[in-house]
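The structure appears right after this line, and notes come after that.
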Amino acid sequence: MRAWSRSNTLAAFYAGVAGALLAQTTAFASLDVFSFERSADLLLVLIIGGTGYLYGGLIGAIIFKLMQDWIANLTPQYWQFWIGLLLVAIVLVGRERIGFWTGGVRALGENITRRFMPGAASPPVAVPPGEGR
């Protein structure tokens, strides 16, 4: 309970610092920052980046902004529809199935690591139930 309380206190501190910096930078504090669209954007960033990963929020923010700019250039009126469609696809596909798509990239990274650092140990690979070696 104590660690949970400390982590929430630390998160509130950083949120306060971020709000103070935003007000300082824009020289205006408005309630538009708390709009529904801003909350939905934040949830999209976390879902795109992955909620269980350390840098998921940062990666999600980068992907979200790049997608937002790219789709807004293609279809300025309907960019929210396409991002919503991507969100539905991510929710339907799920976290474990996305790992199937990124498995090739992960394997490539491991091959490169083994080639340039032969002494580096590769992480253990989980064997699905029912499949033996």
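The values are calculated or read from the model by the stated rules, or taken from the named source; none is laboratory data. Remember, it's a predicted structure, so these values are computed and weren't measured experimentally. Methodologically, a virtual Cβ is constructed for each residue, glycine included, from the backbone with ideal geometry; neighbour enumeration extends over all protein chains shown.
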So Val91 passes all but one of these: (1) surrounded by 13 or more Cβ atoms within 10 Å (Cβ to Cβ); (2) at negative phi; (3) touching a residue at least 40 places away in the same chain (Cβ under 8 Å). Which condition number does it fail?
(1)
Is it the case that Thr9 is part of a helix (DSSP H, G or I) and among the hydroxyl-bearing types (Ser, Thr, Tyr)?
yes
Residue list for region 61-93, restricted to those being of a type outside the set (A, V, I, L, M, F, W, C) and within 13 Å of Ile48 (Cβ to Cβ):
Lys65, Gln68, Gly84
Subset of region 25-52 [exposed (fewer than 10 other Cβ atoms within 10 Å of the Cβ) and either assigned to a helix (DSSP H, G or I) or in contact with a Gly (Cβ under 6 Å, 6 or more places away or on another chain) (or both)]:
Thr25, Leu31, Asp32, Phe34, Phe36, Glu37
So Leu43 ticks every box in (1) under 20 Å from Leu87 (Cα atoms); (2) in contact with a helix residue (DSSP H, G or I) (Cβ under 7 Å, 6 or more places away or on another chain) but one. Which box is left unticked?
(2)
Restricting attention to region 88-120, the residues that are modelled with pLDDT of 65 or more and in a helix (DSSP H, G or I) number exactly 20
Selection within region 11-45 - over 18 Å from the mean Cα position of the chain (by Cα) and of a type in the set (S, T, N, Q)
Gln24, Thr25, Thr26, Ser30, Ser35
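Listed here are the residues, each with its yes/no results for (1) among the aliphatic types (A, V, I, L, M); (2) touching a Ser or Thr at 6+ places or on another chain (Cβ under 6 Å); (3) free of Cβ contacts under 8 Å to residues at least 24 places away in the same chain; (4) within 21 Å of Val93 (Cβ to Cβ).
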residue	(1), (2), (3), (4)
Leu46	yes, no, yes, yes
Thr51	no, no, yes, yes
Leu54	yes, no, yes, no
Gly60	no, no, yes, yes
Phe64	no, no, yes, yes
Met67	yes, no, yes, yes
Ile71	yes, no, yes, yes
Thr75	no, no, yes, no
Tyr78	no, no, yes, no
